Structure formats: structure tokens, C-alpha cells
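Q: Have a look at this one before I ask anything.
Here, each number is a calculation from the coordinates, and none is a lab measurement. What you are looking at is a predicted structure, and each value in this text was computed from that prediction instead of being measured. All Cβ positions, even for glycine, are placed from backbone atoms using ideal geometry, and neighbour counts span all protein chains on display.
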Amino acid sequence: MKRKIIILLLLLSFPSILYVFLTTGKHNFVRLPYYGEKEIAANGKDTIYHTIPPFKFVNQDGDTITEKTYDGKIYVADYFFTTCQSICPKMATQMLRIQEKFAYTNGLVQILSHTVNPENDSVPVLNNYAKMVHADTKMWNFVTGDKKQLYDIARKGYLVNALQGDGGPNDFIHSDLFVLVDKEKHIRGIYDGTKIKGVNDLIDAIKVLMAEYIIKESGEEKIKTKK
């Protein structure tokens, strides 16, 4: 618990994150929104939010990556392809900022980049690309797999492309969006991954989300202690 409080204090040392706390009320603080459709649970009280569906891909090291890989993690997802010469280099540069900013979290904050061109972006190609962009692959995975699944989860899971498609040979997604996903697989923010301001906002949002969990988990620990 002491470690969580120290991390919270470090987060609050940044002026951009001070708005996480309001002056009214002991436990009132700004929370990030939830994206996607939502519904009311059968009890009529709880809200069921959109979640990232199960997936199974292969990363740059040939390891299987699933949604369970990110259990208990906060992660940023995007879509790219290794031969892209337009927006993808800009996105990789901005992802490096996120990697550097949150390296201190020891794996709590992760990055997941999906190829939109699995026919070309094989495991060796992704491995070389990861090295080229100076990715720390303990924190940042590049994945390939079945094109239909990659495209379906882009549209229906991460909500990065509103256009319909079948994942076939003529289907193509080219998105500049970074998607922030919380520990429960809910989308908590969508940002322009080619713009410095957009990624600045994402960095602040990650800090807010980390603070949200620290406060929540500290409260749960106090309840357990009382019991």
C-alpha cells in the first residue's frame, strides 16, 4: 500500500494531473469517461460497459498474445503496418513517448500495436520493426494474425473505424487513433496518435487512470483491514 501512495504522490507532482482531485468532498475526483455502448444490468442498478472482446494473436517474438496477457494492466492499442510511410512513423514516435513516460510502472502500462497488413507483417518482420523503432518489447507488443479477426476487433472492439468491412483482400484500415484501455478491458479514451497535443492528453489520461486505481485499491485495502 505504501508503494501505491508513493506512486500517487509522484503522479500528483505533475501540474497537469492536479485536476484529478476536486476541492468538494473527501473522495470526489475526476474520472475518465467510458466509450462504446452501455446497458443496465439485470439488477437495474449497475452499468455494463463496452469491453474489448477475447482475441488471440502472435507477437514479434512468436509468442501468443491474448486478452489475458493484459489482465490487471492498463494499455494503449493502435493499428499500423511496417511499410507505411505516412502516419505510422509519426505514431511510432509518439508511442515511444508513452514507453518512456511509463517505463517506471514496471509493466502496469503496456502498448499493443496491431498490424493491418498481416500478409506482409510476419513475426520476423515485426521483430525487425520493433528493433527499428527502439521498442522495449517487455512493454510493447507488435502482433499479427488472422486478418478478419484483426479487423473485426479494430471495428467492434477498439472502435477505431466506423466503416464496415469483411476483412477480405480488398478491405483496409488506416487509423491514426490511440485507444486507452483499462484493467477491465473498457475503453477510457481515444486520441490522435499523430499529434503531440493528442498524445499529451493521452499521457495525462493514463496518469488519471492510474490515480483512480490507486485510490480505489487503497480504499478496498482499508475495508479489508477493518474486517
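Q: With charges set only on the Cβ (+1 for Lys and Arg, -1 for Asp and Glu), what does the dipole of segment 88-191 come to about its Cα centre, in debye to the nearest 20?
A: 320 debye
Q: Same structure again: So what J values fall out for segment 59-76 if you push phi through Karplus, 6.51 cos²θ - 1.76 cosθ + 1.60 with θ = phi - 60°, rounded to Hz, Gly and Pro as x?
A: Taking θ as phi minus 60°, the curve returns 9, 5, 9, x, 8, 6, 10, 10, 4, 5, 4, 10, 4, x, 10, 9, 9, 10 Hz for segment 59-76.
Q: Tell me, what is a quarter of the convex hull surface for the C-alpha atoms of segment 108-179, in nm² with one decimal?
A: Its average projected convex-hull area is 5.2 nm².
Q: When a/c is below 1.5 the answer is rounded, else prolate if a/b is larger than b/c, else oblate, so apply that to segment 52-198 with a ≥ b ≥ c taken from the square roots of the Cα gyration tensor eigenvalues.
A: rounded
Q: Neighbouring Cβ atoms within 10 Å as the yardstick, rank Val58, Val208 fewest first.
A: Ascending number of Cβ neighbours within 10 Å: Val58, Val208.
Q: Using the Cα centre of segment 131-180 as the reference point, and only Cβ charges (+1 on K/R, -1 on D/E), how large is the resulting charge dipole? Debye, rounded to the nearest 20.
A: 140 debye
Q: Give me the number: length gained by fully extending Asp166 to Val30, i.e. 0.36 nm times residue separation minus the C-alpha to C-alpha distance, one decimal in nm.
A: That works out to 45.1 nm of additional length.
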